[in-house]
Amino acid sequence: MSAAASAWRRLGVALLLLGLLAAGLFRVVPFRAELSDLLPPAETPAARYLLQELRGGAATTLLLAGIEGAPEPELARISRAVGDALRASEQFAFVGNGTQDLPPKERDLLFRYRYLLSAAAEDPSRFTAPALRQRLESLIDGLRSAASPVLAQFGFADPAGAFLDLLRSWLGESRVALRDGVWFAADAVAPRALVVARGRAPGTDLEAQAAMVAAFETAFAAADPGPARLMLRGPGVFSAAAAAAVEADVRMISILSGVLIAAFLLWRTRSLLMLAAVAVPLLVGMLAGTALVFAAFGAVHGAAFGFGMTMLGVGADYPMLLVGQRRPGEALGATARRLGGTLGLSALAAALGLTAMLFSGFPLLAQLGLFGAAGLLAGAAATRWLLPCLLPGEAIRARPLPPPMIRALRRLRGHHGTVLLLPLAAAALLVLGGPRWNDDINRLSPVPERLRQEDAELRRQLGAPDVGTLIALRGADAEAVLRRAEAVQRALDPLVAAGALAGFDSPARYLPSAATQRARQAALPGEEALRAALAEAAAGLPFRATAFDRFLAGIADSRTLPPLTIADLAPAPTLSARLGLLLSDRDGAWQGLVIPNGLRDLPALSGAVAALNDPDILFVNIKGETEGLVAAATGRALRWVAAGGAAVLLLLWLALRRRLGWAAGLAATALTALPIGGALLVTLAGLTALGQALNPFHLAALLLAAGVGLDYALFLGVPVAEDAAEGDRNFGAVFNCTATTLLTFGLLSFCATPVLQGIGLCVSIGVAAAFLLALALAPRGVVTARPPCNGSTGA
């Protein structure tokens, strides 16, 4: 049997076994694409609360929709059909579009409790004869208007107007207009029907969120929309968009990088066997990385897997190095033994450097670090010990670089003019004001800016507050939270009166505490006093003597009602949906939200909350907290980058000291560090010129580029005497490293996911700069030693 046939048979068996292991592993490993994995851990109570809400708060269950692109009557028809279909699906706790927002049972319940829910009962003047007289005269005028059906239903039973005032107060800042029985955006240039829905499933259930989005889209399609368009936004849509963006990037990178690397390997070896050989360490690395991330985190993020596979993709350099460095007539096992030390040093330096990712504080970044470290070590081990067993004899022969490329590389070596890149980069950084740091967490999100802007527009049209700040409440039960909400309300009312705050939304606005409801009961007028005031107010007006008996009976009933609690709201889906966004039971601990809007004086708001001196009332400045999260994580990542870089240099010096001695090893280490530092300087200048604001993910990419530069500097910077043929083989190896790295990380620059795009730009610039500087700083007239060359290392 020929060497090639034997190799194909052995590789086929190995790839089959690895494929079966991968299939089994992927059956048990869950993949996720949650945006919250982009966030670092919280270090303050406010930040912890904010992250909890971002990951699973009630607001994550909201879907907002605009229907446009057709005449108004047609949009109203579509809105009604969509609303009916969504209610029938039972996936939504509430669907609001202007129709059926108050079912009969809910209307009757709220009407019965109108004086306990409305602040009207706290105003004794409402029940005096002059006030009632004015109300009764307005009722007469209203009965002659288009509002006659509503006033006939409620006006006689509630001449004080508590129920209608209550409903008006719940509209808050809403900018919707009711036309043809459905909501329309009042300020839209073209007609736009509005729908809001709240799902039953928690925001952490991504499959349920996706199902709700699908149900919405199905309901719209079933309504025969014609030219009408659906604009659907909300956290569930964002999660789906993020997952789609990550999946599209991973698919693009996997396919294109696979095709490009395969073409490059075929060009360099003219052997399909090389493709199969490269697949072995890649599969081993993928299995090791996926298994360890799953064991450590319980799931694998899609972006971590996609980027990790890209990082392992340039691990093709390991088998390329092994085959490319094989001397004529030398067995591959002997080559592996000869290069084993340098190969192990390279992989170990990569894994050591990736500790900066592991301890950065970002869950996604930690997964990337663990995936990369485990995958690179496993891939190097497979190259060192497994491939020599699978590739007997001379099954694959390395091809030298074309002579023009060899001559060009020889001319570049020691050409110190290239070092002028360093002062130019330093000058550019100085002119541009230095690297810019990004503390805006939205720039890390894969959700397109257009979707975020449309979401903000729908929220504005529906009257939802601009949530830049919030006040979080905690309590042992709902009653405790409602009492704290009322305390906050008393603290904020003076700010509203002073113009420091336009208003605020609070759970107590929809459901007062039991104590407040009892106080309102106690404030209701006595029966005799109310009868006398009503008789005086109705004197001379065309009302029958018994016209307001329901009013008197309602007041009497309100005096004896038990307070309405959250447990009594089963017949009130509209109120429950509104209240559910502001008051919720989270694993036995009750939480509430007070959301200010129209804030003009942040210190005044913060001071008013602080003056309450209640540890269960927490003021959260969302922008400040998110920027603080990113800034803290950036500082932590910088410290770990410095520690990782120092550890790699120490490892390098220890290895070179054994080979070259103390003094020569120290000099070689310094010579190695110079092109790495220069490449990082050029990379920072390039990123700044491209308008890239740095974040912790860029730091990880800089570390990765430094690892690649370490290989190049080792390869070209430590002189030993060698023959020309071996020197050409070394040039071929370093060229392979550079090419495969640029072919993979260059593609990341075109990703829609900002994190992956930034990493791609960073590594691509760093690799190109490291290659040129390592050549420029290499000594002339010698051919250099065989170092650990692997384009995928992230020192």
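Taken together, the values in this text are just the output of simple stated rules run on the coordinates, not laboratory data. As the structure is a prediction and not an experimental result, all values here were calculated from the model. Don't worry about glycine lacking a Cβ; one is built from the backbone with ideal geometry, like all the others, and counts go over all protein chains shown.
Which loop trypsin sites (Lys or Arg not before Pro) in segment 486-549, with loop taken from DSSP, have no more than 10 other Cβ atoms within 10 angstrom of their Cβ? Passing both the DSSP loop test and the Cβ count: ARG544.
What net charge do the residues around ALA160 carry, taking every other residue with its C-beta under 13 Å from that of ALA160, with Lys and Arg at +1 and Asp and Glu at -1? Cβ neighbours under 13 Å give a net charge of +2. The modelled label-to-label distance for the pair ALA334/ARG168, using points 7 Å beyond Cα in the direction of Cβ, is 9.7 nm. Rounded to whole numbers, the Karplus 3J(HN,Hα) couplings from phi for segment 256-271 are 5, 5, x, 5, 5, 5, 4, 5, 5, 5, 5, 5, 7, 10, 6, 9 Hz, using 6.51 cos²θ - 1.76 cosθ + 1.60 with θ = phi - 60°, and x at Gly and Pro. With each label modelled as a point 7 angstrom along the Cα→C-beta vector, the GLU207-PHE750 pair spans 3.5 nm.
Using 0.36 nm times the number of residues separating VAL419 and ASP568, minus their current alpha carbon distance, what extension gain do you get?
Extra length available between VAL419 and ASP568 comes to 46.0 nm.
Placing pseudo-labels 7 Å out from each Cα toward the beta carbon at ALA519 and LEU16 gives an inter-label distance of 8.0 nm.
Counting every other Cβ atom within 10 Å of each residue's Cβ, MET309, MET286 order from fewest to most as MET309, MET286.
Counting Lys +1, Arg +1, Asp -1, Glu -1, what net charge surrounds LEU524 among other residues with beta carbon under 15 Å of its beta carbon?
Values: positive: ARG112, ARG114, ARG126, ARG518, ARG520, ARG531, ARG559; negative: GLU122, ASP123, ASP158, GLU527, GLU528, ASP557.
Spelling it out: positives minus negatives among the neighbours equals +1.
Compared with the direct C-alpha span, the chain from PHE359 to ALA610 gains 86.9 nm at full extension, assuming 0.36 nm per residue.
What FRET efficiency comes out for the pair VAL496/ALA23, r = Cβ-Cβ distance, R0 = 56 Å, nearest 0.05? Don't skip to the end; give the middle numbers.
On the way: r = 62 Å, r/R0 = 1.10.
Here the calculated transfer efficiency is 0.35.
For segment 665-705, the residues whose backbone nitrogen is under 13 Å from a point 7 Å from the Cα of TRP437, taken along Cα to Cβ, are 694-697, 699. Gain on full extension, evaluated as 0.36 nm per residue between GLU72 and LEU430 minus their Cα-Cα distance, stands at 123.2 nm.
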